[in-house]
Amino acid sequence: MKTARPRLASGERVADSEATPAFASAGPEIEAVHNPGARAAKHVSRSIAGFVAAGMLMLFLTYVVLSATVMVFMRADGETVAVLRNTFPVGQAPPGAVVYASSAPVDGSFTSKVEQAIGGVPAGSVVEIVAGPAAVISADVDGRIVADGQVTDYSGVVADQSLDRAYIAICLAGSCTKDAAVIVGQDNIVGEVKGYLGFTGLTSPPSAETSRTTDPATTPASEEEP
């Protein structure tokens, strides 16, 4: 329904252009104020945030790739342990090697290695290899570990047994009992410990030198795993 235009005193209708608008402005029009400096600053801040996010993503991806292929960082007793992967390609760690071991076999797939880099491994421990992965072990009257009839420089309470794809080792740190003789499965080794990561860089890995006078009350190796 069209609204009738108002009439003048003479009876003529008022033209549309002269009619009072249905909605009149309540005040003077406000022009938008543009601040080029503020817009530029906002653009710069967004660009910086984007660069920072991209940089952090690249660092994370680089860490994941390196951790899955070369070196991974694990934890033991509140310390960050640098572990070199694929040090023992045939799966045999020599006596005296300091390794990082899990309480479960380590999956060597790329996906599992990425998971290890992010979440670690079950009950991770730092241990020093005494003998293995196939040896007959026992202890002499002085408490020293004997492997294949040869007395080693290591002491600990061990049960007479034949190792099958496993090592006899001394616990240095982590989830195992420190200074105890432990059995480590050959497939449980993550890699060789290169040192502890601190503010000054890598420090030398621990040694079982002080563990070679192990207390005879230590848990038997046949009952404990790292």
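The values are calculated or read from the model by the stated rules, or taken from the named source; none is laboratory data. Treat the numbers as computed from the prediction; the structure is a model and nothing was measured. Note: ideal-geometry Cβ built from the backbone for every residue, glycine included; neighbour counts use all protein chains shown. Accessible surface areas use protein heavy atoms only, side chains included; no ligands, DNA or RNA. Shrake-Rupley method; radii C 1.70, N 1.55, O 1.52, S 1.80 Å.
Listed values, structure above:
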{"item": "PHE60 paired with VAL136, simple spin-label distance in nm, labels 7 Å along Cα-to-beta-carbon", "result": "5.5"}
{"item": "By accessible area with a 1.4 Å probe, ligands and nucleic acids excluded, highest first: order of LEU61, LEU163", "result": "LEU61, LEU163"}
{"item": "Exposure of ASP160 as accessible area (Å², to 10), given a probe of 1.4 Å and all protein chains", "result": "120"}
{"item": "For VAL130, distant residues with modelled amide H under 5 Å away", "result": "GLY96, ILE168, ALA169, ILE170"}
{"item": "Neighbour net charge for ILE137 - beta-carbon separation under 13 angstrom, K R +1, D E -1", "result": "-3"}
{"item": "Under 5 Å, built H, 5+ apart or other chain: amide partners of ALA173", "result": "VAL126"}
{"item": "Ranked packing of 168-181, 119-132, 45-58, 145-158, most packed first, by mean Cβ within 10 Å", "result": "168-181, 119-132, 145-158, 45-58"}
{"item": "Extension reserve of the PHE51-GLN161 stretch, reckoned as 0.36 nm per residue once the Cα distance is removed", "result": "33.7 nm"}
{"item": "P(r), alpha carbons of region 90-145 - 10 Å bins starting at zero, rounded %", "result": "19, 40, 29, 9, 3"}
{"item": "Stokes-Einstein diffusion coefficient of region 70-185, Kirkwood radius over Cα pairs, 10 °C, 1.306 mPa s, in µm²/s", "result": "108"}
{"item": "ARG165 - accessible surface, heavy atoms, 1.4 Å probe, Å² rounded to 10", "result": "120"}
